[in-house]
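Data first, discussion second: the structure below is written as structure tokens.
The values are calculated or read from the model by the stated rules, or taken from the named source; none is laboratory data. Being a predicted model, the structure only gives us computed values, none of them experimental. Here the Cβ positions follow ideal geometry from the backbone for every residue, glycine too, while neighbour counts run over all protein chains shown.
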Amino acid sequence: MSHIFDWIFSQYQDVPVHLVILEMVGVVFGFLSVWYSKRENILVFPTGIISTGIFVYILLVYGLLGDMLINAYYFIMSVIGWYLWTRKVDETHFVPITKATENEKKWSIFLFVGTIVFVSVVYFVADKFNTWTAYIDTVTTAIFFVGMWLMAKKRLENWIFWIIGDVISVPLYLYKGLVFSSFQYFLFTIIAIYGYKAWKKNLGKSPQTLLK
């Protein structure tokens, strides 16, 4: 067991202490955000805002521009989602979980392709297409962009995108030396699977509270 811990912390040997601490704090709040999302709890957004704000800075330092843009986008969409989730359909019920409409599915494709093009341009201009991780990062960025957009609109399909993106991100972050973040995405994958099941069970039901 000690060898495992030695290997984990050896990945941070030359990393400034403040970055390690920030990553751990960001991971904790990121975990809380996904957990609250699974429970259809409005706290998904404030915890997500804290986590994404931290990771915007960390990912900028590590040069993962795609994931940095993801977190900046998450930050903005968390504010929007916070507003959308708190809308009421009547005096005692909030907006329910629903499936994406055909029009939203088309917009999802457009957002996915558009994000890949946009992030590719960013990487090209910044001359960051110098490793295979940059290309993977571009794809995961597009996947998560669509997932966050659908989550803000409270669509069931958002979990499918989270699951796919999380599975890809586990080895990506491990390879980059962000061990705690890799472990975070492993936990995210598990929670996302249960989140999909929980949301599917509550499909079409208007909640009376968003703090559960």
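Overview of values
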read-out: Some residue of the range 4-26 being part of a helix (DSSP H, G or I), under 30 Å from Val95 (Cβ atoms), at pLDDT 85 or above and not charged (D, E, K, R); value: yes
read-out: Residues within the range 28-44 that are surrounded by fewer than 22 Cβ atoms within 10 Å (Cβ to Cβ) and assigned to a helix (DSSP H, G or I), tallied; value: 7
read-out: Ala126 vs. criteria loosely packed, with under 13 Cβ neighbours inside 10 Å and under 23 Å from Leu172 (Cβ atoms); value: yes
read-out: Breaking point among (1) buried (at least 18 other Cβ atoms within 10 Å of the Cβ); (2) hydroxyl-bearing (Ser, Thr, Tyr); (3) closer than 30 Å to Gln13 by Cα, for Thr115; value: (3)
read-out: Answer from Thr92, Thr52 - the residue that is part of a loop (DSSP other than H, G, I, E, B) and either of a type in the set (Ser, Thr, Tyr) or touching a Phe, Trp or Tyr at 6+ places or on another chain (Cβ under 6 Å) (or both); value: Thr92
read-out: Any hit, the range 84-91, residues being among the aromatic types (Phe, Trp, Tyr) and without any contact (Cβ under 8 Å) to a residue 24 or more places away in the chain; value: no
read-out: Residues satisfying the stated conditions in the range 188-203, i.e. in a helix (DSSP H, G or I) and either touching a residue at least 24 places away in the same chain (Cβ under 8 Å) or surrounded by 17 or more Cβ atoms within 10 Å (Cβ to Cβ) (or both); value: Phe188, Thr189, Ile191, Ala192, Ile193, Tyr194, Gly195, Tyr196, Ala198, Trp199, Lys200
read-out: Residue within the range 150-157 that is buried (at least 20 other Cβ atoms within 10 Å of the Cβ), assigned to a helix (DSSP H, G or I) and not aliphatic (A, V, I, L, M) present; value: no
read-out: Neighbours by Cβ (under 8 Å, 6+ apart or cross-chain): first from the range 150-168, without any contact (Cβ under 8 Å) to a residue 24 or more places away in the chain; second part of a helix (DSSP H, G or I) and charged (D, E, K, R); value: none
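Conditions (1) surrounded by fewer than 18 Cβ atoms within 10 Å (Cβ to Cβ); (2) aliphatic (A, V, I, L, M); (3) part of a loop (DSSP other than H, G, I, E, B), marked per residue:
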| residue | (1), (2), (3) |
| --- | --- |
| Val119 | no, yes, no |
| Thr138 | no, no, no |
| Phe144 | no, no, no |
| Gly165 | no, no, no |
| Gly177 | yes, no, yes |
| Phe186 | yes, no, no |
| Leu211 | yes, yes, yes |
